[in-house]
Every structure is written in structure tokens, then in C-alpha cells.
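K.L.:
Structure provided below as C-alpha cells; questions to follow.
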Amino acid sequence: MTKADEIAVRQELEKVLDAEHVQAVLDHRKVKKVALTPFAAKLLAAQFARWGDANAAADHMILRGWLAFKAEWAEPPKTSAVVSVHREPTRIPDRPEPPPEVRERNMRRLQALSAQLGAATLMDKPRHVQQRDRGR
């Protein structure tokens, strides 16, 4: 690659990236042993710009070890600000306790159903647990 090509590559990337990210992309491609032509730099810069935050797109490409970047390959950032990877766990609201009359009604229904089924009632322990307990 000629010196003029290197300058053209840098200029294409500088249209969308800051100097630090331009150097990081060039270093990354150099380590991967993949040359970046001026035309390829133009295409890469366009993909970075399509993602929303071009510098974040370059970071994304480098962190994932990709040789190139396409905006469709990754979810765009939610905001242009730094997005935290830490978030609060989703809290599932506590289920309210049913009123006493509902609990009593449900218990009566359960007992009636158990009586209909015979010896193995819904309120008894499962058969394998009963057998295990008898064996002790």
C-alpha cells in the first residue's frame, strides 16, 4: 500500500471517526493482517455511520474481533450516551394473598375432590414419597 493510499484510508475513516478510533481500527486491521484499501475504508465508514454512533460501532467491531462491520450485524445503541451494561433486575411484584374466605372455599373444593378420588388424595404426599417414608 502506498503512502497516498494510507492517507486516503485515514481521511475516509476520519469523516466519521475521531482520531483515536481511526488509529484503533487501523491497528486492529493490521493485527488481523487484512489491508484496508481506500474504497474499503469508504464502505466501512459508511457502515459505521449507519449504526448511529460511528465510534461505538468501531469499538463494537474491534471488541468482537470482526474484520469488517455491517450495521445489520448488531443492535444499534439505544442512545448516543454511554449505555451501562449493568441494569437492575426486573422485579416481579408479589402476588397478593387471597382473602380468608377464598382460601377456605379453595380448601373445601380440594377436600371434596380428594374424597372423590379415593385413597390417594391431593392433600396426601405423592405415592413415591409415601413408599420412601414406609421403607425407613
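The values are calculated or read from the model by the stated rules, or taken from the named source; none is laboratory data. Small disclaimer: the values here were computed from a predicted structure and weren't measured. Neighbour counts are summed over all protein chains in view; Cβ atoms, including those assigned to glycine, are modelled from backbone coordinates with ideal geometry.
K.L.:
Return yes when residue 10 is of a type in the set (Lys, Arg) and closer than 14 Å to residue 69 by Cα and no when it is not.
P.N.:
no
K.L.:
Hey, which of the helices (runs of 4 or more DSSP H) in the stretch 30-136, taking only ones fully inside, have at least 1 residues that are surrounded by 14 or more Cβ atoms within 10 Å (Cβ to Cβ), charged (D, E, K, R) and modelled with pLDDT of 85 or more?
P.N.:
Output list reads 38-50, 54-64.
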